[in-house]
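The values are calculated or read from the model by the stated rules, or taken from the named source; none is laboratory data. The model shown is predicted, which means the values in this text are computed figures rather than measured ones. Ideal geometry is used to build each Cβ from the backbone, glycine not excepted, and the neighbour counts take in all protein chains shown.
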Amino acid sequence: MPYDLPVCSDRLIIMLYGTKRETYRQVFLDSWRAYQEGRALEGVQTRIVAIILRHPEYHALLGDAQQGLEQDFPPEQGRTNPYMHMSLHLGLEEMLALGQPAGIVDLFDRARRKLGEAGAEHLFVDCLGEMMWQAQRAGRAPELTTLLSCVRRSLGLPEMAG
């Protein structure tokens with residue numbers, strides 16, 4: 001996946017929690033631990049746990065705090081960075097809740113009808129990762145039109161007139 005490149009990994013949530021990957025990874029680990037211990041979830045923890053529950057392949061990693069903080073996910077070894085992946089899910093939820101960029105909600109509904117909920121989410125997450133990767137390679141801010149174009153192409157839909 002393009003968003004696994006080292007220059008791009010972990011960047012999305014760093015903006016919220018600082019520049020040390022351990023700092024923001026701890027948010028995921030703490031959320032999962034609180035859920036497993038039956039403690040009340042606070043703020044974004046509810047959304048994080050909902051995403052984690054949809055990704056059982058990450059449960060073991062998140063259950064081992066030391067491994068979860070330290071493990072690298074080199075793309076050249078075909079490893080997806082679970083923190084980046086889950087962060088992209090969070091970003092997608094935010095974009096859909098805000099209805100931004102314009103047209104995203106309708107496009108997501110089309111994708112959901114064609115691919116189902118999980119398929120639509122992962123299509124958008126892949127395209128979000130691609131958008132982030134392209135922006136970082138070019139040294140510019142992400143362009144949300146790139147996201148919508150990627151999704152439209154993937155669904156076999158024509159580009160929107162500009």
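Below, the figures for the structure above:
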| item | result |
| --- | --- |
| Check on GLU76, assigned to a helix (DSSP H, G or I), loosely packed, with under 15 Cβ neighbours inside 10 Å and out of contact with any strand residue (DSSP E or B) (no Cβ under 9 Å at 6 or more places or on another chain) | yes |
| So MET84, is it within 20 Å of LEU53 (Cβ to Cβ), under 16 Å from the mean Cα position of the chain (by Cα), at pLDDT below 90 and in a helix (DSSP H, G or I) | yes |
| For ARG140: the one exception among (1) out of contact with any Leu (no Cβ under 7 Å at 6 or more places or on another chain); (2) under 17 Å from MET86 (Cβ atoms) | (2) |
| Selection from region 32-65 of residues that are β-branched (Val, Ile, Thr) and outside any loop (DSSP other than H, G, I, E, B) | THR46, ILE48, VAL49, ILE51, ILE52 |
| Which listed residue, of GLY116, GLY68, GLY162, is assigned to a helix (DSSP H, G or I), of a type in the set (Gly, Ala, Ser) and at pLDDT below 90 | GLY68 |
| When residues of region 1-31 are limited to those that are part of a helix (DSSP H, G or I), farther than 22 Å from ASP126 by Cβ and of a type in the set (Val, Ile, Thr), the one modelled with the lowest pLDDT | THR23 |
| Any chance GLN36 is surrounded by fewer than 16 Cβ atoms within 10 Å (Cβ to Cβ), farther than 13 Å from MET86 by Cα, in contact (Cβ under 8 Å) with a residue 12 or more places away in the chain and touching a helix residue (DSSP H, G or I) at 6+ places or on another chain (Cβ under 8 Å) | yes |
| Every residue from region 119-147 that is exposed (fewer than 14 other Cβ atoms within 10 Å of the Cβ), among the charged types (D, E, K, R) and part of a helix (DSSP H, G or I) | ARG137 |
| Index of the failed condition, CYS150 passing every other in (1) assigned to a helix (DSSP H, G or I); (2) hydrophobic (A, V, I, L, M, F, W, C); (3) within 16 Å of the chain's Cα centre (by Cα); (4) closer than 23 Å to ARG21 by Cα | (4) |
| Test: LEU157 is among the aliphatic types (A, V, I, L, M) and in a helix (DSSP H, G or I) | no |
| Failed item in (1) buried (at least 16 other Cβ atoms within 10 Å of the Cβ); (2) over 24 Å from LEU41 (Cα atoms); (3) in contact (Cβ under 8 Å) with a residue 40 or more places away in the chain; (4) among the small types (Gly, Ala, Ser), with GLY91 passing the rest | (2) |
